[in-house]
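Bear in mind that the values in this text are calculations on the coordinates, not laboratory data. For clarity, every value in this text was computed on a predicted model and none was experimentally measured. In this analysis, Cβ positions are derived from the backbone assuming ideal geometry, glycine residues included, and neighbour counts consider all displayed protein chains.
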Amino acid sequence: MRIAIDHRLSVTVPQGTVQAVFHLLLTPPSGPTQTVESWSVEGTGIGNAGRFTDGFGNAAHLVNQLRPEGEITIHVRGEVTTRDTHGVLGRPAGEPVPALYRRLTELTKAPEALYEPFRDSRDNRLSICHALMARVGDVLGLPEEPEAPKQMQADGGQAQVQEAGEVAERPAAADYAHLFIGAARALDIPARYVVGYRLVDGEDGLHAWAEAFDEGLGWIGFDPHMQICPTDRYVRLAIGLDAEAAPTLRTVPVAEVVQVAKVAAA
C-alpha cells in the first residue's frame, strides 16, 4: 500500500527564550515492512540542523533556534510504500542488541497479576505475546468508536503544555503499548515502544504500539490498543524504551507542542 502523510507540528516556546533546541524524530526508516519513497522535514533552522543516528537507530535532527518568537511550525510530508508481513519485522541491520529492551522504565511498569499467569507457560514466545496482547485488551478495554480528529502533542497525547520532567496525560494507544511492554519484559522478553502513523478514517494518524523479540522471527509488532499485529496500514517512525525515549519532538526549554498528522492512501 502507498500511504501519504502530512504531519504539522506547532511549537510555542516561553517568552524571552534566548535559544531553544529541538530534537526531532520525524524521519521514518526504510526496512522489511516499508519503503520511504519521498520525505521532507521543513521548518526554521532545519537546513542547518545536525543529523545523526541515535542509540536506538532512529534518524534524528537537532535544530537550534536563536531568539525564537511566536509560533514555530514544522511541516513533515512524504509517501511510504508499506507491506503486510503479519507484524514480522525481523532483524533490521544496525540496531542495538535486543537485550537493551529488557530494561524496565517508570512508564513500563506492569502489575504482577497481568503477567503472572504466563510465567511458567510452556507455550512458545509468539503465543505468549499474543496472549499478553489479549490480556492487555481485557484489562484496559477495547478502543472507543472513532471521533473527530484531535490535535496531538509531541508524544502523541492530546494538546497540552509539557511539565518539566513529566507529561500530564498519556494517549490511550501509548498506555496499551506501555502495559504490554512492561509485562513482556517481566517475562524476560525484550520489548520496545514504537511511534508512527496508522491509516484510519476520521482520526489523527499518529499512533503507538509495541514490538517484542522472538529468537526465530526477530522483532514482531503488537498493537494492544487495536488488538492486532501491525498491517500495511502502519508506518513505523521511531523506536525506544518507552514514549519518553521516542518522542517525535523534544524541546529545550520545555515548550507547548501541538501536532496533527493526516494519513491517507496515496
*With each pseudo-label sitting 7 Å past Cα toward Cβ, what's the GLN15-LEU100 distance in nm, one decimal?*
4.2
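Multiply the residue separation of LYS109 and ILE228 by 0.36 nm, subtract the distance between their alpha-carbon atoms, and state the gained length in nm to one decimal.
Numbers: separation 119, 0.36 × 119 = 42.84 nm, distance 2.21 nm.
Taking LYS109 through ILE228 to full extension adds about 40.6 nm, to one decimal.
Taking Cα pairs under 8 Å and at least six residues apart, what relative contact order does the chain come out at, in percent?
Numbers: 628 pairs, mean separation 80.4, N = 266.
Reported relative contact order: 30 percent.
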*How far, in nm, would the chain grow between GLU215 and ASP6 when pulled straight, counting 0.36 nm per residue and subtracting the alpha carbon separation?*
71.6 nm
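Using R₀ = 51 Å, calculate the FRET efficiency as 1/(1 + (r/R₀)^6) where r is the Cβ-Cβ separation of ALA266 and GLU69; round to 0.05. It would help to have the intermediate numbers written out before the result.
Values: r = 36 Å, r/R0 = 0.71.
E between ALA266 and GLU69, to the nearest 0.05, is 0.90.
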*For VAL254 and ALA134, FRET efficiency with R0 = 41 Å and r from the beta-carbon atoms, rounded to 0.05?*
0.65
*For LEU126 and ASP201, FRET efficiency with R0 = 41 Å and r from the beta-carbon atoms, rounded to 0.05?*
0.85
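For a quick check: sort LEU26, LEU199, LEU237 by the number of other beta carbons within 10 angstrom, fewest at the front. Write out the running numbers ahead of the final one.
Values: LEU26 23, LEU199 20, LEU237 26.
Going from least to most buried by this count: LEU199, LEU26, LEU237.
Would you kindly state the longest site-free stretch of the chain, with sites defined as trypsin sites (Lys or Arg not before Pro) in a DSSP loop (not H, G, I, E, B) surrounded by at most 15 other Cβ atoms within 10 Å?
Details: sites that count: ARG83, ARG103, LYS109, ARG119, ARG122, LYS150.
It works out to 151-266.
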_Helix-only [θ]222 nm of the chain, DSSP H runs n ≥ 4, -39500 (n - 2.57) each, per residue, nearest 500_ = -4000 deg cm²/dmol
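Please arrange CYS229, CYS129 by how many other C-beta atoms lie within 10 Å of their C-beta, fewest to most.
Taking fewest neighbouring Cβ atoms as first place, the list is CYS229, CYS129.
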*Enter the Cα centre distance for the pair segment 245-265 and segment 74-95, rounded to the nearest angstrom.*
19
